[in-house]
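To keep things clear, I will list the structure first and then write my remarks on it.
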2 protein chains.
Amino acid sequence: MSTVRGARQPTIKEVASRAGVSPMTVSRTLAGGRNVRPDVQQRVMEAVRELGYYRNENARSLRPGQPSGLIGVAITNLANPYYGLFALGVEEVAAEHGRRILLGNTGEDDARERQLVSDFIGRQVDGLILVPTSGDAAHLRPERLGDVPLVLASRRVPGLEVDTVLLDDVGGAYRGTMALLDAGHTRIGFLGNRSSVFTGERRYRGYERAMTERGAPVDPAIIARDQQDVDAASRAARAMFDLAEPPTAIFSANNRNTIGAMREIGRRIREGVPGPRPAVVSFDDFELSELMPVPVTVIDHDARLLGREAATLLFSRLDGTAEARVRTVELPVSIEFP
Amino acid sequence: MSTVRGARQPTIKEVASRAGVSPMTVSRTLAGGRNVRPDVQQRVMEAVRELGYYRNENARSLRPGQPSGLIGVAITNLANPYYGLFALGVEEVAAEHGRRILLGNTGEDDARERQLVSDFIGRQVDGLILVPTSGDAAHLRPERLGDVPLVLASRRVPGLEVDTVLLDDVGGAYRGTMALLDAGHTRIGFLGNRSSVFTGERRYRGYERAMTERGAPVDPAIIARDQQDVDAASRAARAMFDLAEPPTAIFSANNRNTIGAMREIGRRIREGVPGPRPAVVSFDDFELSELMPVPVTVIDHDARLLGREAATLLFSRLDGTAEARVRTVELPVSIEFP
DNA sequence: CGGTATGTTGGTAACGTTACCAACCGCGAG
DNA sequence: CTCGCGGTTGGTAACGTTACCAACATACCG
């Protein structure tokens, strides 16, 4: 090995001089070898191997019109397994298109989102995929992004018309609630969260629509929409069950709330606390739902597919194969009965 | 707004001419404004705002000695929530150091890992964090990486001496198995997986050590080490429980195997299949373990912290604050009894 | 054998940025 | 009033790469 430890990365010039050719010939060889004699190509590739040369992608993309091959992805909370799957879906499609992803976690923080987007633009990303933190849209306006295409996932941003992939939140919540109503329940509690205002709102709307359609009372006493984590959800469920008129069923708008409700229900059963053993419908799947002490209907979705769709939408813009019109893809959800 | 839709990103020159100064003055202003008159700075910042200018980070890092501000992160399986948490930990620390992360998923594929590492180097990353796919080490040798520091996480690569963060797999498995032995079990089955050869091996070693130390027989009939997913784990558990002499307890080396075993145990209880209702120790936590039909002891760890430690190790190299010696950090695991 | 088409190779310039140096300014000390 | 110094500004070159053009070699045709 002729490379010295601690040395800078070798450049195309060093490869060229080692192979006894010009940098242009090295460049051509690495670009596929069109119009380069095979024996010369071989000499070049040998020099590349010997020196451990890698093309400097940053220098490459410096030339105008050259894509950087990077996609900026900002999601709200990587600690949520669904977003891990989402990121995986994006990564897969990006890899299929020879792109890499720059990943940032916003933690539902507007300022951090703005910072990430700025940085992504500064790094010349070819496109952006964003789970927005539903603040305002100023930093996402086309004139701020230059000609970098943007795809929103999971949520919309008020006043911003761009390609978007969503779940069928309303329909899923509607059908899930309907299932409870069909089973004879009329007093159905709602557990939801605030953070994802957009999805939370949509899922609540589905719940509400089903309830009113069937003439079931929508009682604020059994609607809790402020729980961000499992513990808060547990407490909310507890308060609801301790009411004089507790709900006989629960619609939970997400994973975190479902787990919290389950904890509380499990505790009551273990400790013999009297009161309801409510049926549960859960938006978002969770493992071992079939082992729960009460029947759980699951409204599941494919976050990985959501990521893939977002990336596919983006690449159709990048390839220029997309129509000009802004598109929204709404992915179906599936319902699994206990 | 004077920016034209579809236009290229504005350059420092355009900002300069708009502000009536030279590009150097813009550069200095953006670098903190040392030795630039306040009123000139203001004019420059105004032009920056008006044009929607972002520094081109790629061009910036082209100059020799300039860091790219990128960290390459390759993990094996983003679909695993633990790796999502791991990535989050890395991202957090990177952000604290003003770095972004380039994320790739290897899917336990050697070729893909090599490809990702090449690409990361080509993009001039300042450092690499890798959950290795335990193939060979050729592409990770220092002479192949130039002077880019590397940190391994979760697993080692045979024959490669680099900074590494691990879990206390052996100790955790040992203590977990001991807990079962203390409870009077002697016939303890083992469920594990192949993919992560390294951790799988270590966890098996902890199990084996505890067993032999107490003189409990290590019976190949109740040791299954080939399950990659929940379904396979379920089948392995089923076969084990159907033996003439089934285990009275199960040590499960990971999440996937635990879920699979639980499914099978739940099925047998629901369907009234006679046979053991084994106690379970699970390496890796899972939610609602307290609601399981048999008592589950959980050996948990903090994947986010693992990611933070990996990144911290890397940045100590980058800052030059690290001692030269190769370091290994082994994070403790916690045991939660049912 | 001359001429043209085709294939191969290299030189030059440019991408956006900033380190370095040179030039210039105003101000205070001698 | 002159000198020198510190603060401010701009020009030049270089980072690594490749598009473009020019130069040259070779093959083929008439």
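The values are calculated or read from the model by the stated rules, or taken from the named source; none is laboratory data. No experiment lies behind these values; they were computed from the predicted model shown. Backbone-built Cβ (ideal geometry, glycine too); neighbour counts: all protein chains shown.
Brief remarks follow.
- Where helices (runs of 4 or more DSSP H) sit wholly within segment A:75-194, those with at least 2 residues that are in contact with a helix residue (DSSP H, G or I) (Cβ under 8 Å, 6 or more places away or on another chain) and assigned by TED's automatic domain parsing to the domain that holds residue A:261 occupy A:169-182.
- One residue alone among B:152, B:160, B:167, B:130 is more than 18 Å from the chain's Cα centre (by Cα) and among the aliphatic types (A, V, I, L, M), and that residue is B:160.
- Residue in segment B:122-129 that is touching an Asp or Glu at 6+ places or on another chain (Cβ under 6 Å) and within 11 Å of another protein chain (Cβ to nearest Cβ) present: yes
- Test: residue in segment A:232-242 that is away from chain B (no Cβ under 14 Å), closer than 25 Å to residue A:77 by Cβ and small (Gly, Ala, Ser): yes
- Test: residue in segment A:54-72 that is closer than 27 Å to residue B:59 by Cα, away from chain B (no Cβ under 11 Å) and not polar (S, T, N, Q): yes
- Test: residue in segment B:198-215 that is within 30 Å of residue B:318 (Cα to Cα) and touching a Ser or Thr at 6+ places or on another chain (Cβ under 8 Å): yes
- The listed residue being buried (at least 19 other Cβ atoms within 10 Å of the Cβ) and either under 21 Å from residue A:267 (Cβ atoms) or at pLDDT 95 or above (or both), out of A:146, A:176, A:200: A:176
- Pair list, Cβ under 9 Å, 6 or more apart: segment A:23-42 residue within 16 Å of residue A:10 (Cα to Cα), other residue assigned to a helix (DSSP H, G or I) and charged (D, E, K, R): A:23/A:13; A:26/A:13
- Whichever residue in segment A:284-311 is of a type in the set (D, E, K, R) and more than 14 Å from residue A:172 (Cβ to Cβ) and, among such residues, is surrounded by the fewest Cβ atoms within 10 Å (Cβ to Cβ): A:290
- Scanning segment A:20-41 for residues that are within 11 Å of DNA strand C (Cβ to nearest atom) and part of a helix (DSSP H, G or I) turns up A:23, A:24, A:25, A:26, A:27, A:28, A:29, A:38, A:39, A:40, A:41.
- Residue within segment A:92-102 that is at the interface with another protein chain (Cβ under 8 Å from one of its Cβ atoms) and within 16 Å of DNA strand C (Cβ to nearest atom) present: no
- Taking (1) of a type in the set (Ser, Thr, Tyr); (2) modelled with pLDDT under 95; (3) outside the structural domain of residue A:211 (by TED's automatic domain parsing) in turn, residue A:289 satisfies each apart from (3).
- When residues of segment A:10-38 are limited to those that are within 14 Å of chain B (Cβ to nearest Cβ) and more than 7 Å from DNA strand D (Cβ to nearest atom), the one surrounded by the fewest Cβ atoms within 10 Å (Cβ to Cβ): A:14
- The residue that is surrounded by the most Cβ atoms within 10 Å (Cβ to Cβ), counting only those in segment B:45-65 that are in a loop (DSSP other than H, G, I, E, B) and more than 15 Å from DNA strand D (Cβ to nearest atom), is B:53.
- Pairs meeting the criteria (first residue in segment A:92-104 and under 18 Å from residue B:113 (Cβ atoms), second residue of a type in the set (Lys, Arg) and not in a helix (DSSP H, G or I), beta carbons under 9 Å, at least 6 apart or on different chains) are A:94/A:100; A:100/B:123; A:103/B:100.
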